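One structure below.
The values are calculated or read from the model by the stated rules, or taken from the named source; none is laboratory data. Note that the structure is a prediction, hence the values are computed from the model and not measured. Here Cβ is always computed from backbone atoms with ideal geometry, including for glycine, and neighbour counts include all displayed protein chains. Side chains included, ligands, DNA and RNA excluded: accessible areas come from the protein's heavy atoms. Shrake-Rupley method; radii C 1.70, N 1.55, O 1.52, S 1.80 Å.
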Amino acid sequence: MGKRVAIIGAGVSGLASIRSCLEEGLKPTCFEKSDDVGGLWKFSDHGEEGRASIYRSVFTNSSKEMTCFADFPYPDDFPSFMHHSKLLEYLTAYAKEKNLLKYIQFKTLVSKVKKRPDFSITGQWDVITEKDGKQESAIFDAVMVCSGHHVYPNIPKESFPGLKHFKGKCIHSWDYKEPGIFKGKRVLVVGLGNSGCDIATELSHTAEKVIISSRSGSWVLSRVWDDGYPWDMLLISRFENFLRNNLPKPISDWWYMKQMNSKFKHENYGLMPLNGTLRKEPVFNDELPARILCGAVSIKPNVKAFTETSAIFEDGTVFEAIDCVIFATGYSYDHPFLDDSIIKSRNNEITLFKGIFPPLLEKPTMAMIGFVQSFGSAIPTNDLQSRWVAQVIKGTCTLPSVEDMMSDIDETIRKRLEWFGKSETIQTDYITYMDELASFIGAKPSILWLFLTDPKLALKVFFGPCSPYQFRLVGPGKWPGARKAILTQWDRAVKPMKTRVVGSPQKPHLFFPFLKLLAIPVLFIAVWLMLT
C-alpha cells in the first residue's frame, strides 16, 4: 500500500503534487476550499477570504512554452501570453488528461494540521477538515502544502504616518477587479510590482489622474523582446545563465543592466531601481512606458505621510484630493492551519531546505510546494519540486542531515543578499535551482553527453530556451516526446501569430547573443592595439 499524502490546495502546485504522488505509487487526497481547480487562476468577480484573487484583465508574464507542465504542451493555437481564462482552461485539461479530479475533495477547508503523538517514529499527521458544517479528522503519512502565497494581503500601515486619518478609500490590489468604479477618480497606487503597474496602466484610461508611488523602483520589461519574440524564450537559457554566473561581477552587472535598459532608459522614466545591479524580480508591463510618455501615469517616490485628503511624498511634492489609494504591497506568508514553529524555526523567519522542507522536523513528511519565486515560471518549478518531494516521501530520495540542511540554508541566505539584497525574499536563480532539484531525482540533462550523442538537441538545450521539457528528457518520469517538443518549441510559439501569412515563420538565431557578447572583448582589444 502506498503512503497516504494530504495535499492542501488544487491550484498549479496541488495538481502537480497529485500527479507526482501517483507517479511514485503514493495515495494522494487533495483538499480544495473552492468548487474547482485552478487556485490563483480561478477568477471570481469578488474576493473570497482565504483564497488568492486576481483582476479581470490578468495575463501571464511568462510565455506558454516556458509555462507548461513538462509533458503536456499547450495547444498550438494558444497565444504565447495567455489571459487567465486560457490558463485555467489548460489546467482543467491537464487535470482531466492525467485523471486527477477523482483525488480532489472540493469545498473542503483544511482547518488544522498537527503532528501525531508518535510523530517522531511514524512521521504521521492529523489533518482536520470542514465541509458542509461537518468536521472530520484523518491520518496521513505526509502533507504537501500547496495553498500559495498570494492569499493574505499585506498593508504596512505602520510605514505610512497619517494613513488612519485619510478619508478616501483604501484597498489592496487583492480587492481590485476592474476599472469601471474608478472612472473620473484620482488614484494613488502604492507599489511598483506587477499588480501595481497593471492596475495603474488600466486605470489611466478612465481615471482622472493616476500616480504610482515606489519605495525603491523596479526594472520594467516588455513581454515582447528582441525581434518580437517572447522575452523568456530569449533571456532564460543555459547560455545566459552560464554567463551571468561565471563572468566577473562587474561585467555580469554591466551586461544585466544593459539588458534591463535595452528598450528604454529607466532613469528617464523615474523607474530606475535604487540598486540596479541587484537581480530584483522585474515587472512585466508593455504599456507603462507609453502611459508615462503620454502623461497618463506619473511615478513618485515613497509616501512620507498621508493627510485627510492627500499624500506627501519624500521629495516634498503632494498629490491632492485623492479619492482612492490602492496598496499593491504584496502578501503575508501565512498558513493558519499550521503551527508557526514548523516552518519558522529560527528568528521567527521562514527556514526551509531548498524552499520546501522544514529542516528541524524529525521526519521529512511535510513539504511546502510553490513557496519560491524566480525569473522563470511557477508551473515547471512547482512540478519539479513535487516530483522530488514525492520521491522523498516514498523513500527513494533522502535528505541531508539537519546540520547540512541548516548550513545550506545559511549559504542560500548569503547568496540572496548578494543577488537580491534581501535575506527574507523567496526569490531564487531559476535554472540553477531547477538543475539542483532535477539532480536530486536523476532528471538533470547532461549537456556534455548530449553534445556527444545528439548535437542538434544539445545546441537547442544549451543556447535555446530552458523550457520545461528539458527536465523530462532523462530519469524518472522521462517523457518520450520531450526531444521533439524542444526541437519544435519555436514553431508553437510563432504559429498563433501567423493569422495573416506573409512569408515563412522566422525563428531566432541561437548564436546571435553570443556573437554580440564576443564583440565586446574584440572591441577592447582593437582599441588597445590602436593606442599602442
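This table checks each residue for (1) closer than 30 Å to PHE81 by Cα; (2) surrounded by 14 or more Cβ atoms within 10 Å (Cβ to Cβ).
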| position | (1), (2) |
| --- | --- |
| ILE369 | yes, yes |
| PRO380 | yes, yes |
| MET406 | no, yes |
| GLU411 | no, no |
| GLU436 | yes, yes |
| LEU452 | no, no |
For ASP35, all conditions in the list (1) more than 19 Å from GLY196 (Cα to Cα); (2) of a type outside the set (A, V, I, L, M); (3) buried (at least 19 other Cβ atoms within 10 Å of the Cβ) hold save one; what is the number of the exception? (3)
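What number of residues within region 196-226 satisfy the criterion of being of a type in the set (Val, Ile, Thr) and closer than 15 Å to VAL283 by Cβ?
If we filter region 196-226 for residues that are of a type in the set (Val, Ile, Thr), which is where we start, we get 199, 201, 206, 210-212, 220, 224.
Add one more test, that the residue is closer than 15 Å to VAL283 by Cβ, and what stays is 199, 201, 212, 220, 224.
Matching residues across region 196-226 total 5.
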Given the condition surrounded by 15 or more Cβ atoms within 10 Å (Cβ to Cβ), over 18 Å from ALA493 (Cα atoms), of a type outside the set (Phe, Trp, Tyr) and in contact with a Leu (Cβ under 8 Å, 6 or more places away or on another chain), answer yes or no: does some residue in region 40-48 qualify? yes
In this structure, does GLY2 turn out to be modelled with pLDDT under 95 and in contact with a strand residue (DSSP E or B) (Cβ under 6 Å, 6 or more places away or on another chain)? yes
Top-ranked residue in region 480-504 [being touching a Phe, Trp or Tyr at 6+ places or on another chain (Cβ under 9 Å) and closer than 16 Å to MET233 by Cα; ranked as surrounded by the fewest Cβ atoms within 10 Å (Cβ to Cβ)]: PRO496
Return the pairs, sorted by first residue and then second, in which the second residue is part of a loop (DSSP other than H, G, I, E, B) and loosely packed, with under 15 Cβ neighbours inside 10 Å, the first residue lies in region 43-59 and is in contact (Cβ under 8 Å) with a residue 40 or more places away in the chain, the beta carbons are less than 6 Å apart, and the residues are 6+ apart or on different chains. ARG56/GLU178
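I'm trying to understand the selection: among the residues of region 251-298, which are among the β-branched types (Val, Ile, Thr) and buried (at least 19 other Cβ atoms within 10 Å of the Cβ)? If you could, list the steps in order and put the result at the bottom.
First, the residues of region 251-298 that are among the β-branched types (Val, Ile, Thr): 251, 277, 283, 292, 297.
Passing the criteria: VAL283, ILE292, VAL297.
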Between a residue in region 479-499 that is assigned to a helix (DSSP H, G or I) and any residue that is hydroxyl-bearing (Ser, Thr, Tyr) and surrounded by 13 or more Cβ atoms within 10 Å (Cβ to Cβ), which pairs come within a Cβ distance under 6 Å, given they are 6 or more apart or on different chains? ALA482/TYR469; ALA485/TYR469; ILE486/TYR469; GLN489/SER467; ALA493/SER80
Please enumerate the residues belonging to region 1-32 that are open to solvent by 20 Å² or more (accessible area, probe 1.4 Å) and either in a loop (DSSP other than H, G, I, E, B) or basic (Lys, Arg) (or both). MET1, GLY2, LYS3, ARG4, ARG19, GLU24, GLY25, LYS27
Assess whether TRP419 counts as being more than 17 Å from ILE342 (Cα to Cα) and open to solvent by less than 10 Å² (accessible area, probe 1.4 Å). no
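Within region 174-250, which helices (runs of 4 or more DSSP H) (wholly inside it) include 2 or more residues that are open to solvent by less than 30 Å² (accessible area, probe 1.4 Å), touching a strand residue (DSSP E or B) at 6+ places or on another chain (Cβ under 8 Å) and under 26 Å from PRO301 (Cα atoms)? Steps first, answer last, please.
Details: elements: 194-203, 231-235, 238-246.
Answer list for region 174-250: 194-203.
I'm trying to understand the selection: among the residues of region 92-128, which are of a type in the set (S, T, N, Q), open to solvent by 50 Å² or more (accessible area, probe 1.4 Å) and not in a loop (DSSP other than H, G, I, E, B)?
The first filter runs over region 92-128 and keeps only residues of a type in the set (S, T, N, Q), leaving 92, 99, 105, 108, 111, 120, 122, 124.
Checking the rest, the ones that are also open to solvent by 50 Å² or more (accessible area, probe 1.4 Å) come to 99, 105, 120, 122.
Hits for region 92-128 are GLN105, SER120, THR122.
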